[in-house]
Amino acid sequence: MIIGSGCGGAAFAWQLKRRSPHLKIVCLERGGWPDPLRMPAKTMRWQRAIMEDWASNPNLRLRAGGYRGSNDYPVDEENSVFKPLMWNGVGGSTVAWAAHFPRLHPSDFRVRSLDGVADDWPFDYFDLEPWYDLNDEIMGVAGLDGDPAYPPKSRRAMPPLSFGTVANRAARAFSDLGWHWWPVDAAINSIPHDGRDACNHCGPCLIGCIPKAKASVDLTYWPKAIQLGVELRTIAMARQIEIEAGRATGVVYADRADEEHFLPAQAVVMAGNGIGTARLLLASGVESPALGRNLMFHPAAYVRGIFKDRLDGPVGPVGCSIYSHEFYETDRARGFERGVHLQLSRENAPLVQASRLSPFGVLSRRLSCARNSSIRCRSWCSPRISRKRITASASPARWSATDYQA
């Protein structure tokens, strides 16, 4: 039995059934299937939806009310500078992700050996490489072969996404500085692929992809797994893992009528993301010094700028443009270990941009954006900085960003 139908649960179900067709595999998912007809991108209120009922944070979605396929629960974020980005339905957070598809570097697996920080992984990049390649094949990756920042990768399935004005401007700047840059790998169709349309560059990728150009595992892994015979039960909320003599014997779950059922299993695989997995194990009485601790974050910081030229900021996939690994590896002359992934993002919707401005003059700027978005709000550019090594403190109640430096 698998609990959770996001990227981990979907890939595991498909691969296990492919290798062991005799096994009966059931996946329990607390949410439902994404419904393109209910996605807000084609409605007049799509900009508000990004901040309300289709926000990436489940707490904001709960506050907005309604049900969109994500069966959310509140997350206590009061003592954390990091806010959750998660979707609780078939496809998991790939329904609401930007589909930027980077790999770790070989050095990321040996940070203790190379830099004396954190811990080494028990395997290296080249052990994982065949699985990177397989996942790229199933999801469908648009990109450009030959990136010097990585060991040679398998051939990309599609050409890179169109640059647009923003990326062309940034690429020229990176080249003038002599910095590395490359088109991102993106799990978004640049051409029709695998029975799905090409991206139409509408922009709001984080509220679902109506043309299905953005890969999410409800569109990629799950149809293949179900065809092989995996059973996926939706609106099935796992409430407790039954444990006898230290081994899981099955799961108690509630159906859409809130009636409880016990489903026996020889093995239970938890795939409920970093928060949901720990939440259910703790609720099931599992005790471990590591449970609920040492969570590895993927934080990002944004730097925004307004340019005189029109850059068509909100046009195209919001998280997929170009990136630079010029400062990715450790250079102790900078005063700290490890580095940053510089990712050029297209800008969000004009209303979202206005909500992020400083309090001074917010109202007038919002009105200006609303009236004249073609002049003001299309001239935004957002380099994004991903810090690569952020871990949680020992206490599950309070998070601290260790070694968090720009």
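Remarks
- Total residues in the stretch 182-200, condition touching an Asp or Glu at 6+ places or on another chain (Cβ under 8 Å) and open to solvent by 60 Å² or more (accessible area, probe 1.4 Å): 0
Yes or no, residue by residue, for (1) open to solvent by 50 Å² or more (accessible area, probe 1.4 Å); (2) modelled with pLDDT under 50:
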| site | (1), (2) |
| --- | --- |
| 309 | yes, no |
| 322 | no, no |
| 325 | no, no |
| 347 | no, no |
| 363 | yes, yes |
| 366 | yes, yes |
| 376 | yes, yes |
| 394 | yes, yes |
| 398 | yes, yes |
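- From the list 149, 173, 225, the lone residue that is outside any loop (DSSP other than H, G, I, E, B), hydrophobic (A, V, I, L, M, F, W, C) and surrounded by 17 or more Cβ atoms within 10 Å (Cβ to Cβ) is 225.
- Residue pairs meeting the criteria (Cβ under 7 Å; at least 6 apart or on separate chains; first surrounded by 14 or more Cβ atoms within 10 Å (Cβ to Cβ), in the stretch 63-75; second at pLDDT 80 or above and basic (Lys, Arg)): 68/38; 70/61; 71/30; 72/61
- Of the criteria (1) within 17 Å of residue 340 (Cα to Cα); (2) touching a residue at least 40 places away in the same chain (Cβ under 8 Å); (3) of a type outside the set (Asp, Glu), which one residue 98 fails: (1)
- In summary, residue 218 fulfils each of the numbered conditions (1) touching a residue at least 60 places away in the same chain (Cβ under 8 Å); (2) surrounded by fewer than 15 Cβ atoms within 10 Å (Cβ to Cβ); (3) of a type in the set (Asp, Glu) with the single exception of condition (2).
- Here residue 18 passes the criteria (1) under 11 Å from residue 230 (Cβ atoms); (2) open to solvent by 10 Å² or more (accessible area, probe 1.4 Å); (3) touching a strand residue (DSSP E or B) at 6+ places or on another chain (Cβ under 7 Å) except the one numbered (3).
- Qualifying residue in the stretch 233-256 (condition: assigned to a loop (DSSP other than H, G, I, E, B), of a type in the set (A, V, I, L, M) and modelled with pLDDT under 95): yes
The values are calculated or read from the model by the stated rules, or taken from the named source; none is laboratory data. Note that the structure is predicted; figures quoted are calculated from it, not measured. Note that each Cβ is placed from the backbone with ideal geometry, even for glycine, and that neighbours are counted across all protein chains shown. Surface accessibility is based on the protein's heavy atoms, side chains included, excluding ligands, DNA and RNA. Shrake-Rupley method; radii C 1.70, N 1.55, O 1.52, S 1.80 Å.
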